[in-house]
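In what follows, a structure is listed as structure tokens, so that the remarks can point back to it.
Please treat every number below as a calculation from the coordinates, not as lab data. Not measured: the values here are computed from a predicted model. Positions of Cβ are backbone-derived with ideal geometry, glycine not excepted, and every protein chain shown enters the neighbour counts.
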Amino acid sequence: MSSIRPLRVAIVGAGPAGIYAADILSKTDLDVSIDLFERLPAPFGLVRYGVAPDHPRIKQIITALHRVLSRGDVRLLGNVDYGVDLKLDDLRQFYDAVIFSTGAIKDHELPVPGIDLDGSYGAADFVSWYDGHPDVPRTWPLEAKEVAVLGAGNVALDVARILAKHADDLLPTEIPANVYDILKSSPVTDVHVFARRGPAQVKFSPLELRELGHVPDVDIVVYPEDYDFDEGSMAAVESSNQTKQVVKTLTDWTLVDPSTQTASRRLHLHFLHAPAEILGEDGKVVGLRTERTALQGDGTVKGTGEHHDWPVQAVYRAVGYFGSPLPEVPFDELKGVISNREGRVVDLDGDHLPGVYATGWIKRGPVGLIGHTKSDASETIRHLVEDVTGVGDGGDVATGDLTAGRTATQAEPQAVLDFLADRGVDVVEWDDFVLLDEHEKSLGEPHGRERIKVVPRDEMLDIAKRRRA
Ligand SMILES: Cc1cc2nc3c(=O)[nH]c(=O)nc-3n(C[C@H](O)[C@H](O)[C@H](O)COP(=O)(O)OP(=O)(O)OC[C@H]3O[C@@H](n4cnc5c(N)ncnc54)[C@H](O)[C@@H]3O)c2cc1C
Ligand SMILES: NC(=O)c1ccc[n+]([C@@H]2O[C@H](COP(=O)([O-])OP(=O)(O)OC[C@H]3O[C@@H](n4cnc5c(N)ncnc54)[C@H](OP(=O)(O)O)[C@@H]3O)[C@@H](O)[C@H]2O)c1
């Protein structure tokens, strides 16, 4: 029998990437003891605080993630903020390896004039608001009748759909009461989505796009004059079934007779319009100026110099997310990711920081579905196992010595809890979160809803820590 203690591993960030990494690591031949840190009092990352509330099927992924955390072999340490409550040097005392899976929560910048006007918003902030993220303001100024959404990805679709949908159609979902009330009072009539490239270059998923056509009392408007394809577009349609489906749906919408469109709200999809300026008066958005673009033959576009002004009172940019740097961890400012090679975190010289890894969106950037974070986690864990055992490609540390990698000086699981208690951190463990989870479900049950989210952080903590019923 071996007297070697288990390898102590900290995973920072309990979104899907962190939970899949914990699951995969726990199923390797390594004898491991895993702690999963999360800055929020609730795990599941963007599955809880990003996936749209009217996508309950996708939210159900939480059931599988829940199962991993309820097994008991991965310890959740929630309400612990890396960079505030502890840093890498602290973690190294307690753990032999650290995996960062902190995702991305911020909007990518869009450097156009007027971007800082009142009424110009980032999609990420809006998403955090409607999904009840505890660390964002509880109110949202929904005062515009006409709104522009910039970008042609699935986040743009989510934002446009939530803006256009009647609040009562969102009521059966888990949206918090304050979100319903504000959406209910929205005067919106027209939501305009702007893609800077053509119909064959949008990044919408076919299913998510088709769903728009089923939103009650919302008509979809696609303009034939915006509809152009070049050789690159035709090649994209030929080579990708997804693109083919997306283009078919869009083409069907160009054929709709406008006289049959009688809904009280409209969602317009514009192609080949790049944002040029957000127009303002007295510091507030009063319009959007776009520049007409033209396809270049290979699916890229170039500005034509022709401008259009659109009378909108709010602009949401959904042009991608961007990762945030973490103290004591090398960061690639250009890509917004932790500097890494296939999940091994590297320093400025490209050398692996022993025992430090990354996975998920903070490893490869904010693109890809929840399922992609699983293959990501597999790659990172494969390298971690290789580094510890010396088996495989060996990475930078090929020792073959089974005691290798046991660098923590305070490896007993209680030590980190004592450290956090000394710092006054109110740690939310799995059983605490289960109380919050059950409470949210009980709030939803009388109304036939899966759950109603508790939003304020102090209320989440009080419920989890049994300080209120
Ligand atoms: C608006 C939106 C909707 C989406 N909808 C879908 C969808 O319908 N279907 C789909 O397949 N994919 C969807 N995605 C993509 C999916 O959410 C991502 O692929 C996935 O969540 C990325 O996982 P992650 O674990 O890397 O990051 P995240 O899910 O962001 O998880 C990161 C976790 O780390 C925590 N964290 C961050 N910083 C710290 C810190 N300093 N200390 C401790 N913890 C920290 C965060 O609180 C969070 O819990 C959507 C994405 C967005 C933005
Ligand atoms: N329901 C779902 O399955 C779902 C929901 C939400 C998100 N997600 C996933 O989450 C990931 C992130 O989604 P996302 O929508 O944030 O990113 P995304 O898919 O990368 O889309 C970003 C969009 O912004 C456009 N854009 C970027 N810079 C721009 C600029 N300067 N001006 C105008 N437009 C600009 C891009 O156009 P170009 O192509 O021309 O660069 C693209 O259309 C994606 O993988 C997505 O599929 C999935």
- [ ] Might you report the magnitude of the Cβ-based charge dipole of region 270-310 about its Cα centre, with Lys and Arg at +1 and Asp and Glu at -1, to the nearest 20 debye?
- [x] 120 debye
Open item on the list: Tell me the angle of helix 241-254 to the major Cα principal axis of the chain, expressed in degrees between 0 and 90 and rounded to the nearest ten.
Closed with: 30 degrees
TODO: Tell me what the chain gives for mean residue ellipticity at 222 nm when only DSSP H runs of n ≥ 4 count, each as -39,500 (n - 2.57), the sum divided by the residue total, rounded to 500 deg cm²/dmol.
DONE: -9000 deg cm²/dmol
TODO: Would you please state which residues of region 56-100 a label at ASP347 would reach in this model, taking the label point 7 Å out along Cα→Cβ and a backbone N cut-off of under 17 Å?
DONE: 88-90, 92, 98
Task: Cβ-defined net charge surrounding LYS184, 12 Å radius [Lys, Arg +1; Asp, Glu -1] - done: -2
- [ ] Determine the dipole magnitude for region 106-321: charges of +1 sit on the beta-carbon of Lys and Arg, -1 on that of Asp and Glu, nothing else is charged, the reference point is the Cα centre, and the result goes in debye to the nearest 20.
- [x] 240 debye
TODO: Please give the helix 430-444 orientation as an angle from the longest Cα principal axis of the chain, in degrees from 0 to 90, rounded to the nearest 10.
DONE: 30 degrees
Open item on the list: If amide hydrogens are placed 1.01 Å from N in the peptide plane, which non-local residues have theirs closer than 5 Å to the one on LEU36?
Closed with: ILE11, ARG75, LEU76, LEU77
Task: Cβ-placed point charges (K, R +1; D, E -1), dipole of the chain about Cα centre in debye, nearest 20 - done: 820 debye
- [ ] Report the net charge of residues surrounding GLU412, where surrounding means a beta-carbon distance below 11 angstrom and charges are Lys +1, Arg +1, Asp -1, Glu -1.
- [x] +1
- [ ] Identify, among HIS108, MET234, ALA124, the residue whose Cα sits farthest towards the positive end of the charge dipole of region 106-321, taking +1 on the Cβ of Lys and Arg and -1 on the Cβ of Asp and Glu, with the dipole about the Cα centre.
- [x] MET234
TODO: Place +1 on the Cβ of every Lys and Arg and -1 on the Cβ of every Asp and Glu in region 158-198, take the dipole about the Cα centre, and give the residue among HIS192, LEU171, VAL159 whose Cα lies farthest towards its positive end.
DONE: HIS192
Open item on the list: Over 23 Å between Cα atoms: which of LYS106/LYS335; LYS203/LYS363; LYS203/LYS284 fall into that group?
Closed with: LYS203/LYS284
Open item on the list: Check which residues have an amide H placed less than 5 Å from ILE220's amide H, if you skip close sequence neighbours.
Closed with: LEU267
